[in-house]
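The block underneath contains the structure these notes are about, expressed in structure tokens.
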Amino acid sequence: MKISKRLMLPMAAIALLGASAAGVGVVSAATDGQPGTLAQRIATSFNLDPAKVQAVIDESHKERHQKHAADHEAQDWAKQKQH
């Protein structure tokens, strides 16, 4: 099936709009209309201290950030070694 160039742009626009609408639906479902941070929502759901839940989330974020930075540095080092 051959698609004419005239139809490609409108089809791409429709696909983009559909993907955007799907993304909005996912975000809407994730928040469930309830205010508050993820840590607050988890703490409330499991009857935990919100500050402790936030501390665990922050620590996990810090660890992932450090790993990402180390991976990035290793890639840079490998690229420099090749040249």
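The values are calculated or read from the model by the stated rules, or taken from the named source; none is laboratory data. Only a predicted model underlies this, so the values are computations on that prediction, with no experimental measurement involved. SASA here: full protein model, heavy atoms, side chains in, ligands and nucleic acids out. Shrake-Rupley method; radii C 1.70, N 1.55, O 1.52, S 1.80 Å.
Filter segment 48-77 for residues that are within 14 Å of LEU38 (Cα to Cα) and hydrophobic (A, V, I, L, M, F, W, C); which is least open to solvent (accessible area, probe 1.4 Å)?
VAL53
When residues of segment 23-52 are filtered for being assigned to a helix (DSSP H, G or I) and modelled with pLDDT under 90, how many remain?
Total satisfying the criteria: 9.
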